[in-house]
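The values are calculated or read from the model by the stated rules, or taken from the named source; none is laboratory data. Keep in mind the model is a prediction, meaning the values are calculated, not measured. With ideal geometry, Cβ positions are generated from the backbone for all residues, glycine too; neighbour counts draw on all protein chains shown. For accessibility, only protein heavy atoms count, side chains too; no ligands or nucleic acids. Shrake-Rupley method; radii C 1.70, N 1.55, O 1.52, S 1.80 Å.
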Amino acid sequence: MKVIVSGGGTGGHIFPAVSIANAIKKALPDTEFLFIGANGRMEMEKVPAEGYNIIGLPVRGFLRPLYHPKNIMVLLDLLRSTFMAKKIIKEFNPDIAVGVGGYASAAALKAACSLGVPYVLQEQNGFAGVTNQKLAKHARKICVAYPNMERFFPADRIVMTGNPVRQSLLECEATVAEARQAFGLDPDRPTIFVTGGSLGARSINESIADGIELLESAGIQVLWQTGKADGDKWNDIAAAKQTKLVHPTSFVTDMAKAYRAADVVISRSGAGAVNEICLIGKASILVPLPTAAEDHQTANAKALSTKDAAILVANSEAKQKLVTEAINLIANKDRIKAMEEKAKAMGLFGAADTIAKIVIEEAKKKK
């Protein structure tokens, strides 16, 4: 079997794409894969690191407002990318394509459709992205992680699968004490893990920086992933305040241990982060990125907060409320336990294997 996998732009798209490919390969080891991504985006680095071939297209996102004059060039790049994708697909001759969202997915799957190649979509968010909404008309199946997605997609093609997650996150067997010691933390002290993703989240970082004294007074230790952007700035602030409990680091490589070290996680609410929090079963405070496409991060966070599986703090209120909410939550062990149970109940396990099975079945129908 030959499979095209397309999409990317963020880890929230890339990691599910790789997980689906891994699951298909586990079921059918002789499967050939070709990823199609966008030039200059992180998939061009991450996918080869996972052992898969990838070809980049010059596709990029439209600027807002849509009548922005530079969008003429964006449209031309989309047309050029679709032409390139047709050539790639003709040469590779896939049995099926899988789209996970992102700029490249639109060009690749439009090309696949025009050439009679069936495709399956995977939508990570509670508010469907524009690309997947437009591609849904010709999709064989649409794999989703949230209920009520009929407002975006044809109901008869929706399959509730959950979002794939890196297997290493679920397989970690470190105890809480071992996980904390791996980061040089006190194994017995209440712990918060703060993450805004690989690039960081300014409002979250500013809130933690401003709240260092409050966290110290409360006796709470913090593993603080600041992100690579302005990482030195946050290190300098922590050093100037001579904190012994707040530990900034630009990047955490072992996310499995970071989650397990924490009593509470503070995070953005991208689909990948929310999915990990649910599957591992962590109490969390979510701060949606307000500029995310279609405000999907708020939808993701509300899916948990309306069921008391997480606390939602608006980005605009983070500096006033985030640290106080975290301190109050750490002090309430019963609420943490209840949130852990509710979050885990929302997690859908085995998503990658379920999606792989769907992809294989649809490919067989073509044959």
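Could you please give the count of residues in the stretch 287-338 that are of a type in the set (D, E, K, R), over 13 Å from Ile204 (Cα atoms) and touching a helix residue (DSSP H, G or I) at 6+ places or on another chain (Cβ under 9 Å)? Residues in the stretch 287-338 being of a type in the set (D, E, K, R), over 13 Å from Ile204 (Cα atoms) and touching a helix residue (DSSP H, G or I) at 6+ places or on another chain (Cβ under 9 Å): 4 in total.
Condition check for Asp186 on (1) at pLDDT 95 or above; (2) surrounded by 15 or more Cβ atoms within 10 Å (Cβ to Cβ); (3) over 21 Å from Glu123 (Cβ atoms): one failure, at (2). One residue stands out in the stretch 141-164 among those that are of a type in the set (Val, Ile, Thr) and either in contact with a Pro (Cβ under 9 Å, 6 or more places away or on another chain) or not in a loop (DSSP other than H, G, I, E, B) (or both): the one that is surrounded by the fewest Cβ atoms within 10 Å (Cβ to Cβ), namely Val159. Among the candidates Arg64, Arg60, Arg41, the residue that is under 18 Å from the mean Cα position of the chain (by Cα) and either hydroxyl-bearing (Ser, Thr, Tyr) or modelled with pLDDT under 90 (or both) is uniquely Arg41. Close Cβ contacts (under 6 Å, 6 or more residues apart or on different chains) running from residues in the stretch 242-264 that are farther than 14 Å from Arg166 by Cβ and among the hydroxyl-bearing types (Ser, Thr, Tyr) to residues that are open to solvent by less than 10 Å² (accessible area, probe 1.4 Å) and assigned to a loop (DSSP other than H, G, I, E, B) comprise Ser250/Thr226. Among the residues of the stretch 211-235, those identified as without any contact (Cβ under 8 Å) to a residue 60 or more places away in the chain, open to solvent by 90 Å² or more (accessible area, probe 1.4 Å) and in a helix (DSSP H, G or I) are Glu213, Ser217, Asp232, Lys233. Of all residue pairs spaced 6 or more apart or on separate chains, those with beta-carbon atoms under 6 Å, a first member in the stretch 56-74 that is open to solvent by 100 Å² or more (accessible area, probe 1.4 Å) and a second member that is of a type outside the set (D, E, K, R) are Arg60/Val74; Arg60/Tyr103; Lys70/Leu63. Scanning the stretch 112-140 for residues that are part of a helix (DSSP H, G or I) and either of a type in the set (A, V, I, L, M) or open to solvent by less than 10 Å² (accessible area, probe 1.4 Å) (or both) returns Ala112, Val130, Asn132, Leu135, Ala136. Close contacts from the stretch 109-125, counting a first residue that is among the hydroxyl-bearing types (Ser, Thr, Tyr) and a second that is at pLDDT 95 or above and assigned to a loop (DSSP other than H, G, I, E, B), with Cβ to Cβ under 8 Å and a gap of 6+ residues or different chains, come to Tyr119/Ala139; Tyr119/Arg140.
Flag: Tyr103 does not match the condition of being without any contact (Cβ under 8 Å) to a residue 12 or more places away in the chain and either crowded, with 17+ Cβ neighbours inside 10 Å or aromatic (Phe, Trp, Tyr) (or both).
Candidates are the residues of the stretch 165-195 that are outside any loop (DSSP other than H, G, I, E, B) and touching a Leu at 6+ places or on another chain (Cβ under 8 Å); the one that is farthest from Ala17 (Cα to Cα) is Thr191. Quick check on the stretch 234-255. Is at least one of its residues within 24 Å of Lys302 (Cα to Cα) and within 21 Å of the chain's Cα centre (by Cα)? Yes, that holds for at least one residue. Could you please give the count of residues in the stretch 319-361 that are out of contact with any strand residue (DSSP E or B) (no Cβ under 6 Å at 6 or more places or on another chain), open to solvent by less than 80 Å² (accessible area, probe 1.4 Å) and under 27 Å from Ile24 (Cβ atoms)? Counting residues in the stretch 319-361 that are out of contact with any strand residue (DSSP E or B) (no Cβ under 6 Å at 6 or more places or on another chain), open to solvent by less than 80 Å² (accessible area, probe 1.4 Å) and under 27 Å from Ile24 (Cβ atoms) gives 10. Restricting the stretch 19-46 to residues that are aliphatic (A, V, I, L, M) and surrounded by fewer than 24 Cβ atoms within 10 Å (Cβ to Cβ), the residue that is nearest to Ala292 (Cα to Cα) is Met42.
Sub-6 Å Cβ pairs linking a first residue in the stretch 77-89 that is closer than 16 Å to Gly99 by Cβ to a second residue that is among the hydrophobic types (A, V, I, L, M, F, W, C) and open to solvent by 20 Å² or more (accessible area, probe 1.4 Å), at least 6 apart or interchain, are Ile88/Ile55; Ile89/Leu115, ordered by first then second residue.
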